[in-house]
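Notes follow once the structure below has been shown.
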Amino acid sequence: MRALLLLAALALATPAQAQFRLPNVDFNRMVDKVKQVGKATMEIKEPEEIEIGRDVAARLLGAAPLLANAPLQRYVNQVGRWLAAQTERPDLPWRFGVLDAPQVNAFAVPGGTIFVTRGLVERMASESELAGVLAHEVAHVLKKHHLKAIQKGAQTGLAGEALGTALRERAGPERDKLIAFGTEMYSRGLDKSDELEGDRLGVVIAARAGYDAYGLPAVLQTLQAMNAQDSALALMFKTHPSPAERLAALDKMQATLDAYAAQPQLVERFVAQTRR
Amino acid sequence: MRALLPLLLAVPLIVVAAEPASLIRATELKQEPATDAATVARLPENAAVQALERKGGWIHVKAASGEGWVRLLALRYAAGPARQGDSGAKQLFNVARTGTSGTEVTTGARGLDAEQLANARPNPAELAKMGAFAAEADAAARFAAQGKLMATNVAYPK
């Protein structure tokens, strides 16, 4: 839209330029630039989404490394990949990781990288709870919630052309700025409506994968019961609606939840895998 | 790594221990975890209960008027340190990690606070390691079958 206005403004300006025969104004080049800006603001293609995601994931891993437990990391990847297979983006390079951090949180990175903290896994009681959390994050990737937020913020923070540069060139100050912004987004959080959509779709994705659909609500109950002053919760509570509000919003999903409540919780497998 | 094991072991035990909770709306206490099960009692809004284990969308509770099952979405655990799960687990973790029962560890020297996210430098080595743990679709399908997970069609809401 802004690009269109710019084009219109340039078109209006043209007769004056022609009249004064300004030697240094290359009208075609200006139109190209405006088109470029328009392109960058409209759509980030999937390969670019994946590359942005890898760069943001590398930064998050700089804040907290992976938990040094290879069997647990493989287990979480199998749960996550099975969930992702039930969605409209089954072929993304899905990767799941448990971060060695005491905080209680989970993160979805554009392009199919998902993190859950040790602090959150420690508070889960079954594989269906793990699946519920991972499915919520998978939903963020499907709906490109973070990608859209990064893009929106980058348009404000980076001039139109600089965003195009940041997308095209993987090294450089524009790229650094974009990725730094993308990482900081996890401190600011998404819109509340994105989080509630993640919960609704997460319940459906876990049910599709054959899990007890109440895994995510059960985790939300655990979180709701924790002391809100607990420092391990600070960032998650700042960036998400309260667990009580999220549980209340899931009342609308009760029919779906109940229809798939009797599917496996897989308590034993979860305990066996997390105890190794 | 070993330090983590005691806590992960302890978690399911904490979850099945009776925990104080209350009801956010008037709710039927059922004999079994099912809508068509016999009603043991009608519990009023804000009724205090002791919550035991979960089965699907139902929580096994002990109430003043008897024992039975209530809907998960009608129940909220009591918040705060009074609940055994958090502070208890955290103390276990501290004991395991540091050999003391101090509480200073809970903040964490590193991790995922806003400040640490803002100052994070890329860690490409960890990113590469993560790629090595990725699961292929067919391996994930076998893993699901081992757990008797059956894929099923469920429509998105709306």
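Might you check whether a residue that is over 27 Å from A:ASP100 (Cα atoms), crowded, with 21+ Cβ neighbours inside 10 Å and either among the hydrophobic types (A, V, I, L, M, F, W, C) or more than 9 Å from chain B (Cβ to nearest Cβ) (or both) occurs anywhere in the range A:235-251?
yes
Conditions tested, residue by residue: (1) over 19 Å from A:VAL109 (Cβ atoms); (2) away from chain B (no Cβ under 13 Å); (3) among the polar types (S, T, N, Q); (4) in contact with a Leu (Cβ under 9 Å, 6 or more places away or on another chain).
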{"position": "A:LEU147", "(1), (2), (3), (4)": "no, yes, no, no"}
{"position": "A:GLN151", "(1), (2), (3), (4)": "no, yes, yes, yes"}
{"position": "A:GLN155", "(1), (2), (3), (4)": "yes, yes, yes, yes"}
{"position": "A:LEU158", "(1), (2), (3), (4)": "yes, yes, no, yes"}
{"position": "A:ARG168", "(1), (2), (3), (4)": "yes, yes, no, no"}
{"position": "A:GLU174", "(1), (2), (3), (4)": "yes, yes, no, yes"}
{"position": "A:ALA180", "(1), (2), (3), (4)": "no, no, no, no"}
{"position": "A:GLU184", "(1), (2), (3), (4)": "no, no, no, yes"}
{"position": "A:SER187", "(1), (2), (3), (4)": "no, no, yes, yes"}
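Which one of these does B:GLU126 not meet: (1) at pLDDT below 95; (2) at the interface with chain A (Cβ under 9 Å from one of its Cβ atoms)?
Looking at each condition in turn, B:GLU126 falls short on (1).
Exactly one condition in (1) more than 28 Å from B:ASP113 (Cβ to Cβ); (2) crowded, with 21+ Cβ neighbours inside 10 Å is false for A:ARG269; which is it?
The failed condition is (2).
How many of the residues in the range A:80-91 are under 18 Å from the mean Cα position of the chain (by Cα) and part of a helix (DSSP H, G or I)?
Residues in the range A:80-91 being under 18 Å from the mean Cα position of the chain (by Cα) and part of a helix (DSSP H, G or I): 4 in total.
State the number of residues belonging to the range A:189-210 that are of a type in the set (Lys, Arg) and more than 8 Å from chain B (Cβ to nearest Cβ).
Number satisfying all stated conditions: 1.
Please determine whether any residue of the range A:42-65 is in contact with a strand residue (DSSP E or B) (Cβ under 6 Å, 6 or more places away or on another chain), charged (D, E, K, R) and either surrounded by 17 or more Cβ atoms within 10 Å (Cβ to Cβ) or modelled with pLDDT of 50 or more (or both).
There is no residue in the range A:42-65 that is in contact with a strand residue (DSSP E or B) (Cβ under 6 Å, 6 or more places away or on another chain), charged (D, E, K, R) and either surrounded by 17 or more Cβ atoms within 10 Å (Cβ to Cβ) or modelled with pLDDT of 50 or more (or both).
Looking for whichever is modelled with pLDDT of 50 or more and either at the interface with chain A (Cβ under 7 Å from one of its Cβ atoms) or within 24 Å of the chain's Cα centre (by Cα) (or both) here; the options are B:VAL105, B:VAL70. Which one fits?
B:VAL70
Regarding A:ILE179, is this residue among the aliphatic types (A, V, I, L, M), touching a residue at least 60 places away in the same chain (Cβ under 8 Å) and closer than 25 Å to B:ALA155 by Cα?
no
Working only within the range A:222-276, note down all residues that are touching a helix residue (DSSP H, G or I) at 6+ places or on another chain (Cβ under 7 Å) and acidic (Asp, Glu).
Result: A:ASP230, A:ASP251.
Starting from residues that are within 22 Å of the chain's Cα centre (by Cα) and of a type in the set (Lys, Arg), keep the ones in the range B:26-67 and report whichever is nearest to the other protein chains (Cβ to nearest Cβ).
Only one residue tops the list, namely B:ARG54.
With (1) touching a helix residue (DSSP H, G or I) at 6+ places or on another chain (Cβ under 8 Å); (2) more than 17 Å from A:GLU48 (Cα to Cα) as the list, and A:THR117 as the residue in question, which single condition is left unmet?
Just one mismatch for A:THR117, condition (1).
Looking at A:ASP194, A:ASP199, which is the one that is free of Cβ contacts under 8 Å to residues at least 60 places away in the same chain and in contact with a His (Cβ under 7 Å, 6 or more places away or on another chain)?
After ruling out the rest, the residue left standing is A:ASP194.
Evaluate the following for B:ALA139: is it within 7 Å of chain A (Cβ to nearest Cβ), over 28 Å from A:ALA255 (Cβ atoms) and either acidic (Asp, Glu) or assigned to a loop (DSSP other than H, G, I, E, B) (or both)?
No; evaluated as a whole, the condition is false for this residue.
Any residue at all in the range A:120-137 that is more than 8 Å from chain B (Cβ to nearest Cβ), under 19 Å from A:GLY53 (Cα atoms) and among the β-branched types (Val, Ile, Thr)?
No, the conditions are met nowhere in the range A:120-137.
Do the conditions hold for A:GLN254, that is, is it within 24 Å of B:PRO157 (Cα to Cα) and more than 7 Å from chain B (Cβ to nearest Cβ)?
Taking the combined requirement at face value, the residue does not satisfy it.
Here is a list: A:LEU163, A:LEU235. Which entry is at pLDDT below 95 and within 22 Å of A:VAL104 (Cβ to Cβ)?
That would be A:LEU235, the only listed residue that is at pLDDT below 95 and within 22 Å of A:VAL104 (Cβ to Cβ).
How do the pairs read when you match residues in the range A:61-72 that are within 7 Å of chain B (Cβ to nearest Cβ) and part of a loop (DSSP other than H, G, I, E, B) with residues anywhere that are surrounded by 20 or more Cβ atoms within 10 Å (Cβ to Cβ) and of a type in the set (A, V, I, L, M, F, W, C), using Cβ under 6 Å and keeping only pairs 6 or more apart or on different chains?
These pairs meet every condition: A:ALA64/A:LEU99; A:ALA64/A:ALA101; A:ALA64/B:LEU112.
The values are calculated or read from the model by the stated rules, or taken from the named source; none is laboratory data. Source: prediction; values computed, not measured. Glycine gets a Cβ as well: all are built from the backbone with ideal geometry, and neighbour counts include every protein chain shown.
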